[in-house]
Amino acid sequence: MSAPLIEVKNLKKYFDTPKGTLHAVDDVSFSIGTGKTMGVVGESGCGKSTLGRTMIHLYESTGGQILFEGEDITHVNRKKMHGLHEQMQLIFQDPFSSLNPRMTVEETIREPLELSRRFGKKALQEETERIMNMVGIDERLRHSYPHELDGGRRQRIGIGRALALNPKFIVCDEPVSALDVSIQAQVLNLLQDLQQEFGITLMFVTHDLSVVKHISDNICVMYLGQLVETASSKDLFADPRHPYTKALLTAIPSIDIHSTKERIILKGEIVSPIEPKPGCRFAARCEYTCEKCHQPQELKEVSPNHFVSCCRVDEI
Amino acid sequence: MSEVNKKTPFVEVKNLVVHYTSEGREIHAVNDVSFKIEKGETLGLVGETGAGKTTIARSILRILPEPPAHVDNGEILLEGKNLLELSNDEMRKIRGKRISVIFQDPMTALNPVMRIGDQITEGIVLHEKVSQRKGEEKAKRMLEMVGIPASRYGEYPHQFSGGMKQRVVIAMALACNPDLLLADEPTTALDVTIQAQVLDIIKNLQKELQTAMVMITHDLGIVAGVCDNVAVVYAGEIVEYGSKEEMFDHPSHPYTIGLFGSLPDINADVTRLSPICGMPPDPSNLPFGCSFSPRCPRATAECTKEHVKLTNIGGTHTCRCIHYGKEV
């Protein structure tokens, strides 16, 4: 196994709200190997985006540790952070609102290059062209504004901008969920190609399990701020152990019309992450709930590299 | 063929053509679309953003914004009666009673300053000519049917989560036992586990009430789970139509094949997706001949010579491609 590029230990991110403390990310630990892709799945509001953003210091963490190439980067000063952001980038979900509407394609991609002060005037132009080429944006679109482009092209610009300074780690926050399926496949292929070419480590945050299975080496399943199960992509889909993961996997509409797979339909809704009670947060919707579920849960290794946070995992 | 013996289909859309006018340009949203639905059946309309799916649904309900939209041609027959010829008053009696709709976004489909129970009751009282009290009773029953406790009758939309709001919208749509339900991406805004719940509710209620349904979606997985027949829409045209089995076992139009290739399949191990190249065409400037030809791997010069017709390729299965059946 390759050495981890980034590792989080007991990471916590709480937000203060008028109703109390919102536990967006609660005690999450995992690591991502260099050049690998980690998929983070969960439903809206489970804290998956907050996790990604906290890891690259867009949010200040409340507790726990973040290690980047073995170095503790949990608390860093501004100057250091500036350097870190060149190595860690984010691709946003919504290509419609994440680009400056008053900057042309070329300006948008050139901006991070200028800010890095690594390039002379001529090199800057060459580099901009190289990136546009790399993410597949036509030369003729260089003076276009975001509103003139469709979603797929806009997302390509977002990707180009994130890749501009050759980062080592990119958090992709639902990069394809706003796109049509045919365009979605183009963007997924592009991300895979670029990862192979440059050996970038990706963290892929999404609610779409088919996408995550397709692109990830390892997967974390989150529920209300907690990590409930993590395993390699293959293991997780072949043998889901946590009741939530099981339900999640059967809930995906399959295009196989002859499949006779029994679906598990969950009852109830996600409860509020504000001032949650100790214990398993899935307990309210889980069919296996018992007394023990209301005590704090721990991640247990059920098979090599497959961790589950459920006290009844051996019984079910 | 004797016209008398032929059964009138429950709902039939014939040669529907709709265009929008925008900044002096004509946008061809729906180009000659025809289909039929029988009672208790579900037709899936599948296609990408801008393919014209929603415009078709809105024309059936006659809620297109006119202008800019304009229905140029076609008939929409409900048990043989053409809805496009009805007066506004007559149409208002049909909307919400015989035909109702579930919109994509439950956050905007509800009135934020009206209690959700009252929003359901309003339609019942209006269409079923019952007293306010009777209406409220029915509204409460509808709420329970979609899994919301009747005690929440007096709450406002902001007090509900997205999934519950969508269930309120479903309760509202089904309150008057409609004959035809138009579901326009009813679960796109929801999470997968909630989506499974909502689809389950729709399917069960449909079975119970024998409602005909048009399910508009871009998710082939939902089509596989819910629909009986499928129409694939591209650039305002049906490019392939057939029963679910015909369509999923033998996708025939290159666009349909492309759609399947673009999907990461949860049950298969594919290392690389095979996307459709290029972008959907500009609807104000559609390519001549086959509108998919600029993106099609099988396109030849013949494809752009003349307009391609839907041809029957066995059973109820039709496909709009001149290359169908020829070797690649």
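The values are calculated or read from the model by the stated rules, or taken from the named source; none is laboratory data. No experiment lies behind these values; they were computed from the predicted model shown. A quick note on method: Cβ atoms are made from the backbone with ideal geometry, for glycine too, and the neighbour counts reach across all protein chains shown.
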Of all residues in the stretch A:152-179, count the ones that are within 14 Å of another protein chain (Cβ to nearest Cβ), crowded, with 23+ Cβ neighbours inside 10 Å and not in a helix (DSSP H, G or I).
-> 2
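Scan A:Cys293, A:Cys310 and give me the residue that is in a loop (DSSP other than H, G, I, E, B) and of a type outside the set (D, E, K, R). Steps first, please.
Working: A:Cys293 fails: in a loop (DSSP other than H, G, I, E, B).
A:Cys310 is the lone residue from the list that is in a loop (DSSP other than H, G, I, E, B) and of a type outside the set (D, E, K, R).
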Find the residue count for the stretch A:224-244, including only residues that are within 11 Å of another protein chain (Cβ to nearest Cβ) and crowded, with 24+ Cβ neighbours inside 10 Å.
-> 1
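Return the only residue of B:Arg58, B:Arg92 being free of Cβ contacts under 8 Å to residues at least 24 places away in the same chain, basic (Lys, Arg), out of contact with any Leu (no Cβ under 6 Å at 6 or more places or on another chain) and in a helix (DSSP H, G or I). Break it down stepwise before answering.
On the way: B:Arg58 fails: out of contact with any Leu (no Cβ under 6 Å at 6 or more places or on another chain).
Going through B:Arg58, B:Arg92 in turn, the sole match is B:Arg92.
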Could you say whether any residue in the stretch B:286-301 is away from chain A (no Cβ under 11 Å), more than 25 Å from A:Ala185 (Cβ to Cβ) and in contact (Cβ under 8 Å) with a residue 12 or more places away in the chain?
-> yes
Evaluate the stretch A:288-297: report whether one residue or more is of a type in the set (A, V, I, L, M, F, W, C), touching a helix residue (DSSP H, G or I) at 6+ places or on another chain (Cβ under 8 Å), under 30 Å from B:Phe160 (Cα atoms) and touching a residue at least 60 places away in the same chain (Cβ under 8 Å).
-> no
Please note which strands (runs of 3 or more DSSP E) are completely contained in the stretch B:194-243 and include at least 2 residues that are buried (at least 21 other Cβ atoms within 10 Å of the Cβ) and within 13 Å of chain A (Cβ to nearest Cβ).
-> B:212-217, B:229-234
So which residues in the stretch A:125-150 are touching a residue at least 12 places away in the same chain (Cβ under 8 Å) and under 19 Å from A:Gln192 (Cβ atoms), if there are any at all?
-> A:Ile131, A:Met134, A:Val135, A:Gly136, A:Ile137
Restricting the first residue to the stretch B:114-132 and requiring it to be closer than 18 Å to B:Arg95 by Cβ, which pairs with a second residue that is acidic (Asp, Glu) meet a Cβ separation below 7 Å and a spacing of at least six or different chains?
-> B:Thr121/B:Glu136
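Results for (1) under 19 Å from A:Leu51 (Cβ atoms); (2) free of Cβ contacts under 8 Å to residues at least 24 places away in the same chain; (3) of a type in the set (Phe, Trp, Tyr), shown as yes or no for each residue.
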position	(1), (2), (3)
A:Val212	yes, no, no
A:Ser216	yes, no, no
A:Tyr223	yes, no, yes
A:Lys234	no, yes, no
A:Tyr244	yes, no, yes
A:Ile255	no, yes, no
Flagged in the stretch A:188-206 as within 14 Å of chain B (Cβ to nearest Cβ), part of a helix (DSSP H, G or I) and not aliphatic (A, V, I, L, M), in numbering order, are A:Asn189, A:Gln192, A:Asp193, A:Gln195, A:Gln196
Would a scan of the stretch B:179-191 turn up a residue that is more than 10 Å from chain A (Cβ to nearest Cβ), assigned to a loop (DSSP other than H, G, I, E, B), at pLDDT 85 or above and out of contact with any strand residue (DSSP E or B) (no Cβ under 7 Å at 6 or more places or on another chain)?
-> no
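Identify the residue in the stretch B:248-258 that is at the interface with chain A (Cβ under 9 Å from one of its Cβ atoms) and within 21 Å of B:Asn312 (Cβ to Cβ) and, among all such residues, is farthest from the chain's Cα centre (by Cα).
First, pick out the residues of the stretch B:248-258 that are at the interface with chain A (Cβ under 9 Å from one of its Cβ atoms): B:248-249, B:255, B:258.
Next, from what is left, pick out any that are within 21 Å of B:Asn312 (Cβ to Cβ): B:248-249, B:255.
Details: B:Phe248: 18, B:Asp249: 22, B:Tyr255: 19 Å.
Of everything passing the filter in the stretch B:248-258, B:Asp249 is farthest from the chain's Cα centre (by Cα).
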Within the stretch B:268-280, restricting to residues that are free of Cβ contacts under 8 Å to residues at least 40 places away in the same chain and touching a Lys or Arg at 6+ places or on another chain (Cβ under 9 Å), the one that is nearest to the other protein chains (Cβ to nearest Cβ) is B:Ile276
For B:Pro283, all conditions in the list (1) within 14 Å of another protein chain (Cβ to nearest Cβ); (2) within 29 Å of A:Asp256 (Cα to Cα) hold save one; what is the number of the exception?
-> (2)
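Filter the stretch A:207-223 for residues that are facing chain B (nearest Cβ under 7 Å) and buried (at least 22 other Cβ atoms within 10 Å of the Cβ); which is nearest to A:Lys246 (Cα to Cα)?
Of the stretch A:207-223, the ones facing chain B (nearest Cβ under 7 Å) are A:207, A:209-211, A:213-214.
Checking which are buried (at least 22 other Cβ atoms within 10 Å of the Cβ) leaves us with A:209, A:211, A:213-214.
Values: A:Leu209: 12, A:Val211: 17, A:Lys213: 14, A:His214: 18 Å.
It comes out as A:Leu209.
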